[in-house]
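S.K.: Handing you this structure, nothing more for now.
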Amino acid sequence: MTPGLVGVIRYHFRERLEGVKPGGKEYSAPAYETEQLPPSIAASNGEQGRVIKGKVAHLPYSFVINLGAKGAGTLEVKILTAEGKPLPGYPKTVANAFAHGAEATSQDFEVPVTPKLAANIEKNLLEKNQHLTQVQLVVQTSQ
């Protein structure tokens with residue numbers, strides 16, 4: 001039985017601290033906000049597998065995450081632009097992504113963002129003085 005999948009977008013940020021003495025720490029510890037992708041569904045090809053297809057509010061991308069389409073345990077991640085073109089470096093395939101006995105219950109993927117998109121995320125999702133440092137797609141198994 002193929003486990004269910006959960007896809008989460010993590011917006012990592014640090015906060016610029018106010019009133020810091022010279023030589024003091026300027027930024028907070030790393031933190032993140034999240035957005036959930038739609039739940040996984042059974043693969044439509046009749047094989048054992050799970051698929052997540054969807055978008056999130058703060059990214060102009062479509063996500064297609066497929067577990068088992070290219071063989072049991074193989075995870076394929078596609079991130080597409082609004083024009084339907086893959087982002088640089090995608091699709092990515094991970095064999096035995098969630099192998100039994102292994103501690104791996106999640107896989108992390110870097111989501112590239114342009115400076116303009118990063119500024120838009122900071123404006124529309126983060127608080128004042130919070131600066132985006134990274135965007136990640138985290139794919140986890142769910143029982």
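The values are calculated or read from the model by the stated rules, or taken from the named source; none is laboratory data. Computed from a predicted structure; not experimentally measured. Counting neighbours? That spans all protein chains shown, and the Cβs are built from the backbone with ideal geometry, glycine included.
S.K.: At pLDDT 80 or above, surrounded by 15 or more Cβ atoms within 10 Å (Cβ to Cβ) and among the β-branched types (Val, Ile, Thr) - does that describe any residue in region 32-44?
M.R.: Taking every residue of region 32-44 in turn, none turns out to be at pLDDT 80 or above, surrounded by 15 or more Cβ atoms within 10 Å (Cβ to Cβ) and among the β-branched types (Val, Ile, Thr).
S.K.: Given the residues SER142, SER62, which is the only one that is surrounded by fewer than 17 Cβ atoms within 10 Å (Cβ to Cβ), under 18 Å from ILE41 (Cβ atoms), at pLDDT below 85 and small (Gly, Ala, Ser)?
M.R.: Of the residues listed, the single one that is surrounded by fewer than 17 Cβ atoms within 10 Å (Cβ to Cβ), under 18 Å from ILE41 (Cβ atoms), at pLDDT below 85 and small (Gly, Ala, Ser) is SER142.
S.K.: Pull up region 90-104, narrow it to residues that are in a loop (DSSP other than H, G, I, E, B) and either surrounded by 11 or more Cβ atoms within 10 Å (Cβ to Cβ) or of a type in the set (S, T, N, Q) (or both), then point me to the one that is modelled with the lowest pLDDT.
M.R.: ALA104
S.K.: Turning to a different aspect of this structure: Can you find a residue that is within 18 Å of ILE52 (Cα to Cα) and either touching a strand residue (DSSP E or B) at 6+ places or on another chain (Cβ under 8 Å) or loosely packed, with under 11 Cβ neighbours inside 10 Å (or both) anywhere in region 112-134?
M.R.: no
S.K.: Counting only residues that are more than 30 Å from LYS116 (Cβ to Cβ) and of a type in the set (S, T, N, Q), how many does region 16-75 have?
M.R.: 5
S.K.: I want to confirm something. Restricting to region 106-143 and keeping residues that are of a type in the set (Asp, Glu) and not in a helix (DSSP H, G or I), which single residue is farthest from LEU87 (Cα to Cα)?
M.R.: So, considering only residues that are of a type in the set (Asp, Glu) and not in a helix (DSSP H, G or I), the one farthest from LEU87 (Cα to Cα) is GLU127.
S.K.: Filter region 65-86 down to residues that are at pLDDT 90 or above and in contact with a Phe, Trp or Tyr (Cβ under 7 Å, 6 or more places away or on another chain) and give me whichever is nearest to LEU5 (Cα to Cα).
M.R.: Looking at residues that are at pLDDT 90 or above and in contact with a Phe, Trp or Tyr (Cβ under 7 Å, 6 or more places away or on another chain), I get VAL77.
S.K.: Continuing with this model, one more query. Does LEU137 meet the test of being touching a strand residue (DSSP E or B) at 6+ places or on another chain (Cβ under 9 Å), of a type outside the set (Asp, Glu), buried (at least 17 other Cβ atoms within 10 Å of the Cβ) and closer than 22 Å to TYR32 by Cβ?
M.R.: So LEU137 passes the test.
S.K.: Separate question: Under 6 Å between Cβ atoms, at least 6 apart or on separate chains: pull out the pairs that start in region 58-70 with a residue that is in contact (Cβ under 8 Å) with a residue 24 or more places away in the chain and of a type in the set (A, V, I, L, M) and end on any residue that is part of a loop (DSSP other than H, G, I, E, B) and surrounded by 18 or more Cβ atoms within 10 Å (Cβ to Cβ).
M.R.: Close Cβ pairs (under 6 Å, with a partner that is part of a loop (DSSP other than H, G, I, E, B) and surrounded by 18 or more Cβ atoms within 10 Å (Cβ to Cβ)) amount to LEU67/GLY49; ALA69/GLY49.
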